[in-house]
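First up is the structure itself, then whatever we jot down about it.
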Amino acid sequence: MSNLAPRLQAAFRVVFLSLGWHWFVTAIIALLAGITETRLRKTLVLLCGLAVLLEAGVGASMMGFFVGNEMIGAAALLLVCGGLLFENSGAQT
């Protein structure tokens, strides 16, 4: 229960569900790119990490810093670092 008007409650429910879906899809793409031997795996993981990092930065600038933004930022930095650890796509020997 919250003190928000019913219309705002419905709007926040939609926002949180779409954000949850967005994070779920991003995690699945990064996971599949990380465990498969595709040519674009480094690019995909870096793109996912940079997209989440951008989202964390925009969220922090709009709402200020709190535990949620810091956790999203840490996850984004870990994705970017993981993407940078992959070898180059063309170097298959």
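Computed from the coordinates by the stated procedures, all read-outs in this text should not be read as laboratory data. In this text, all values refer to a predicted model and were calculated from it rather than measured experimentally. Note that we place each Cβ from the backbone using ideal geometry, even for glycine, and neighbour counts take in every protein chain shown.
Points worth noting:
- Note on the chain: Kirkwood radius taken over Cα pairs, Stokes-Einstein applied at 37 °C and 0.692 mPa s, translational D equal to 221 µm² s⁻¹.
- Proximal charge balance of L84 [Cβ under 14 Å; K/R count +1, D/E count -1]: +1
- Spatially, the range 14-41 and the range 44-83 are offset by 14 Å when compared through their Cα centroids.
- The tail of the calculated P(r) for the range 3-50, taken as Cα-Cα distances beyond 12 Å, holds 67 percent of the pairs.
- Extension gain, V58 back to R7 (0.36 nm per residue minus Cα-Cα distance, nm): 15.9 nm
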